[in-house]
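The values are calculated or read from the model by the stated rules, or taken from the named source; none is laboratory data. Fair warning: this is a prediction, and the values are worked out from it, not measured in the lab. Glycine also receives a Cβ, built like all others from the backbone with ideal geometry; neighbour counts cover every protein chain displayed.
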Amino acid sequence: MSESGHSATGYIVHHLTNLKIGEGFWAVHIDTLFFSASLGALFLWLFMKAAKSATSDVPGPLQNFCEIMVDFVDTQVKDSFHGRNPVIAPLALTIFVWVFLWNAMDLVPVDLLPSIASLFGIHYLRTVPSTDLNSTFGMSISVLLLVYYYSIKVKGPVHFTMEVLTHPFGKWLMPFNLLLRIVEDLAKPISLGLRLFGNLYAGELIFILIALLPWWIQFTLGWPWAVFHILVITLQAFIFMVLTIVYLSMAHEDH
């Protein structure tokens, strides 16, 4: 870093800058879209391959892994979701595995992929989609839209509207009920998106700070932090999945 003339601040800023086109609200983060799509395709390919090669004999490692994931998610859905909807379990599986793959990119050495990209003239590259607010809020807002969709589909437009206007204080305090519902509905995507973003952004920043240290200190601190971070990336994917299941379960229930 010192040989290339970059300061520590410049190094950190460089690694926290997305590859983008456009400016301001209309900026598109190319690296976030690329890695999100690539990891989503990897998820689909792995599970499709496991499904096509599934056998009732002794299963292979891939089939074992996919069956463990399916059973794990199915258990969470049975425990948290009290309605009947065949979409919830596949949705929960997709969210858990996809977000986990997003987070797992934080374990790739911070200089590896940006250095490879620089050989092709790409000067900025962030490899962890969950450290981009656009992706975490995109996911959480999608969950909120699904909550509204199933609330209206299951309860009907009239029943849903009356629930929003009369719960919890009754019909005589409709403005207060509506205000509380707006706050509640805004809190869901904000908490989902910011929780995932904040934890992974902090983890990425610590890896960058470790990369500024001499190589022998990097090795000493990097491995323990990486092992601990495995728990963080798994826990954050699990929390996002479980809260999604809970929110959709509430959308299927009548008050």
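Quick notes on this structure:
- Test: residue in the range 180-202 that is surrounded by fewer than 16 Cβ atoms within 10 Å (Cβ to Cβ) and within 24 Å of Leu112 (Cα to Cα): yes
- Scan of the range 213-255 for residues that are modelled with pLDDT of 90 or more and assigned to a loop (DSSP other than H, G, I, E, B), ordered by number: none
- Conditions (1) loosely packed, with under 15 Cβ neighbours inside 10 Å; (2) at pLDDT below 90: number failed by Thr166: (1)
- Residues that are in contact with a helix residue (DSSP H, G or I) (Cβ under 9 Å, 6 or more places away or on another chain) and hydroxyl-bearing (Ser, Thr, Tyr) within the range 110-127 comprise Tyr124, Thr127, listed in sequence order.
- Of the residues making up the range 213-229, those that are exposed (fewer than 14 other Cβ atoms within 10 Å of the Cβ) and in contact (Cβ under 8 Å) with a residue 40 or more places away in the chain number 0.
- Restricting Lys153, Lys171 to those that are under 26 Å from Val242 (Cα atoms), of a type outside the set (A, V, I, L, M, F, W, C) and free of Cβ contacts under 8 Å to residues at least 60 places away in the same chain reduces the list to Lys153.
- Listed by first and then second residue, the pairs with beta-carbon distance under 6 Å, at least 6 apart or on different chains, first residue in the range 83-105 and without any contact (Cβ under 8 Å) to a residue 24 or more places away in the chain, second buried (at least 16 other Cβ atoms within 10 Å of the Cβ), are Ala89/Val77.
- Qualifying residue in the range 195-210 (condition: basic (Lys, Arg), part of a helix (DSSP H, G or I) and either in contact with a Gly (Cβ under 8 Å, 6 or more places away or on another chain) or free of Cβ contacts under 8 Å to residues at least 12 places away in the same chain (or both)): no
- Yes/no for Val183 being more than 20 Å from Leu231 (Cβ to Cβ), over 24 Å from the mean Cα position of the chain (by Cα) and of a type in the set (A, V, I, L, M): no
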